[in-house]
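Just so it is clear, none of the values below were taken in a lab; they were calculated from the coordinates. Treat the numbers as computed from the prediction; the structure is a model and nothing was measured. Every residue, glycine as well, gets a Cβ built from its backbone with ideal geometry; the counts of neighbours run over all protein chains shown.
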Amino acid sequence: MPEFSILVVEDDAMLSLAMEDILRKLGHTNLEFAFDLPGALQIAEGKRFSLVFLDVDLNGELTLPVARMLRQNNIPWFFTTGFGSRFDYEDLEGAPIIRKPYSEQDIKQAIASTQAD
């Protein structure tokens, strides 16, 4: 079985570092990071991840194309956002959301929910 791999898409350096700290504390070391929409699309197209944490807004660009790609490829993902708890994009209705600021417990539960399948 391949190692559990996680992609974190986050444009805020401090939040990206905080997520890395949480994930490493939880024992995850197979991590990749993207900081802008083109980078996120390129990384997500080139590799299959076990889980993706996807900031909704990267410097004013919505990450909806990445979310749609992940959904199409059946890759588990969570939006991370401080903006709200739902989306009006019909094809992404019911998208899993982790509200910022998130806790270690929030991330642990998200990971556990993908491993329960």
Query raised in the report: Within the chain, what percent of beta bridges assigned by DSSP are antiparallel, to the nearest 5?
Result: 10 percent
Query raised in the report: Expressed in nm to one decimal, what extension gain is obtained for the pair Ser113 and Arg24 from 0.36 nm per residue of sequence separation less their Cα-Cα distance?
Result: 30.2 nm
**Report entry** Approximate spin-label separation Asn74-Gln42, in nm, with each point projected 7 Å along Cα-to-Cβ
**Finding:** 2.9 nm
Report task. State which stretch of the chain is the longest one without any exposed GluC sites (Glu not before Pro), exposure meaning a DSSP loop state and at most 12 other Cβ atoms within 10 Å. Result -> 4-92
Report summary line: In segment 48-117 the DSSP beta bridges are antiparallel at a rate, in percent to nearest 5, of 20 percent
